[in-house]
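The values are calculated or read from the model by the stated rules, or taken from the named source; none is laboratory data. Given the structure is predicted, the values throughout are model-derived calculations rather than measurements. We place every Cβ from the backbone using ideal geometry, glycine too, and count neighbours over all the protein chains shown.
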Amino acid sequence: MENIDYSKAIAFLRPNDEWSLNNNDLTSLIWHSTTTPPTKIELDNIWEEAKNFYDAKYAEQLNAKAALLDRLGITEDEARLLLG
Amino acid sequence: MAKQTFTTGQVLTAAQMTNLQQTAMGGGSPVQKTASYVLVAADAGTVIQMNSASSTTITVNTALFAAGDSVQIQNIGAGVCTVTAGTATVTTAGSLALSQWEGGMLYFTSTSAAIFFDIVQSGSTSPLTTKGDLYTRTSSADARLPVGTNGYTLVADSTQSTGLAWAAPAGGGKVLQVVSTTKTDTFTTTSSSLVDVTGYSVTITPSATSSKILILYDININSNPSTHQGWGVLLRNSTQIKIGDASSTRPQVTIAKEMVNFYNDLSGQSGSFLDSPSTTSALTYKIQVYRYGGSSTDIVAVNRTVQDNTDRPRGASTITVMEIGA
């Protein structure tokens, strides 16, 4: 399961905009793009959709990692050892 | 002895001759005053001696004295005695205000004008006005150097008009002050250009232009190396102070270390820099970050991972600056 927060929700809702956010606090949102920043309501409305998106993405990453490890014939600990 | 009008055949006594001689030598018995006084014609050739603990005046009016007459004025009292032009004019190169034990000669050039020859202050006045003032000199005149800040020392400084200046004691390589900020909350951005990290800056005001500022920093930063990276630049105010040399289109940064990791761990990066700002104005040091590569959906995170799942770490980042005395 992927954690969902405002940073990810904004990135999901506005994939073409640039912004900064402090401590996941929407009142600190700095919008670097020229578009209008999303409202809290807009973000709350897509919250579940964003969570499902990131969950799927996270699962995809886990599957890809498992497939890679399987193809290499090593465990996750062995992979970590190689990188260490 | 007051000015006399002698008559033909007049015989002077020995005492009168002695008194005349003393007067001619600039002496004579003084006429003592204990309060403000207005000169009268009979004062010509005498010594007016003021003796008062309070401030007093000696006023000079017209039509009392002839050209060539003189009146000596002495002040032996604690109160300042001021020679004051009444209806006559009184000019001087010095001061008409006589402190205790000061004096001078009032010499009349006409019935309405006199020159006061200030014999104590020699034609100069003190520029000092305030406790702790120093009596100094510019290239052409005496000058006042106001007392310095507590703890400061007097140093030679040829750029100053008096050649002197007050300055903080030289630190001699010692740490004069330390300021530090630690950011414990998180920050995220998708900006592809440098942005401030909220709460991750420190301001210091050097006490001397010769001081150096030692900056120590560490920052926990995370991105997704498979798509993009989070890089940073150290700044003093708006000036980038620690970046690599320009080389073609290669980004010039302070930090760009990004380990490939499968686990979305924090990548703590630290460093230092010795800055020579040459100012005593307030300085703000900070690291700005930005996203390199990827797209606007890719997040750069400080003090947290991008993934930020509940098993992922949270970190803290510190920036510390030290003023090092020259």
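Name the pairs: first residue in the stretch A:37-60 and farther than 18 Å from B:Thr190 by Cβ, second residue acidic (Asp, Glu), Cβ to Cβ under 9 Å, at least 6 apart or on different chains?
A:Lys51/A:Glu2; A:Asp55/A:Glu2; A:Ala56/A:Glu2; A:Tyr58/A:Glu2; A:Ala59/A:Glu2
Quick one: is B:Asp298 within 11 Å of chain A (Cβ to nearest Cβ), more than 18 Å from A:Tyr6 (Cα to Cα) and assigned to a loop (DSSP other than H, G, I, E, B)?
no
Inspect all residues belonging to the stretch B:121-130 and state whether any of them is modelled with pLDDT of 90 or more and surrounded by 13 or more Cβ atoms within 10 Å (Cβ to Cβ).
No; the residues of the stretch B:121-130 include none that is modelled with pLDDT of 90 or more and surrounded by 13 or more Cβ atoms within 10 Å (Cβ to Cβ).
Being more than 10 Å from chain B (Cβ to nearest Cβ) and of a type in the set (S, T, N, Q) is the filter; apply it to the stretch A:29-42 and report the residue that is surrounded by the most Cβ atoms within 10 Å (Cβ to Cβ).
Restricting to residues being more than 10 Å from chain B (Cβ to nearest Cβ) and of a type in the set (S, T, N, Q), the top hit is A:Thr35.
Would the stretch B:263-274 turn up any residue that is away from chain A (no Cβ under 14 Å), without any contact (Cβ under 8 Å) to a residue 60 or more places away in the chain, over 30 Å from B:Thr153 (Cβ atoms) and not in a strand (DSSP E or B)?
Yes, there is a match, as at least one residue in the stretch B:263-274 is away from chain A (no Cβ under 14 Å), without any contact (Cβ under 8 Å) to a residue 60 or more places away in the chain, over 30 Å from B:Thr153 (Cβ atoms) and not in a strand (DSSP E or B).
Sort out which residues of the stretch A:8-18 are out of contact with any Phe, Trp or Tyr (no Cβ under 9 Å at 6 or more places or on another chain) and facing chain B (nearest Cβ under 7 Å), and write them in order of number.
A:Pro15, A:Asn16
Of the residues that make up the stretch B:91-108, is at least one more than 27 Å from B:Asp142 (Cα to Cα) and of a type in the set (Val, Ile, Thr)?
No, the stretch B:91-108 contains no residue that is more than 27 Å from B:Asp142 (Cα to Cα) and of a type in the set (Val, Ile, Thr).
Give the residues of the stretch B:200-214 that are modelled with pLDDT of 95 or more and either within 14 Å of another protein chain (Cβ to nearest Cβ) or outside any strand (DSSP E or B) (or both), sorted by residue number.
Scanning the stretch B:200-214 gives B:Tyr200, B:Ser201, B:Thr205, B:Pro206.
Going through A:Leu21, A:Leu26, A:Leu62 one at a time, which residue ends up being within 14 Å of chain B (Cβ to nearest Cβ), closer than 25 Å to B:Arg314 by Cβ and in contact with a Lys or Arg (Cβ under 6 Å, 6 or more places away or on another chain)?
Among A:Leu21, A:Leu26, A:Leu62, only A:Leu26 is within 14 Å of chain B (Cβ to nearest Cβ), closer than 25 Å to B:Arg314 by Cβ and in contact with a Lys or Arg (Cβ under 6 Å, 6 or more places away or on another chain).
Please specify each residue of the stretch B:233-252 satisfying the condition of being at pLDDT 95 or above and within 12 Å of B:Leu194 (Cα to Cα).
Matches in the stretch B:233-252: B:Val233, B:Leu234, B:Leu235, B:Ser238, B:Gln240.
Could you count how many residues in the stretch B:133-176 are of a type in the set (A, V, I, L, M, F, W, C), touching a residue at least 60 places away in the same chain (Cβ under 8 Å) and in a loop (DSSP other than H, G, I, E, B)?
Count: 1.
Yes or no, residue by residue, for (1) assigned to a strand (DSSP E or B); (2) over 38 Å from the mean Cα position of the chain (by Cα); (3) away from chain A (no Cβ under 14 Å):
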site	(1), (2), (3)
B:Thr198	yes, no, no
B:Leu216	yes, no, yes
B:Ile221	yes, yes, no
B:Gln229	yes, yes, yes
B:Leu234	yes, no, yes
B:Gly244	no, yes, yes
B:Ser248	no, yes, yes
B:Gln252	no, yes, yes
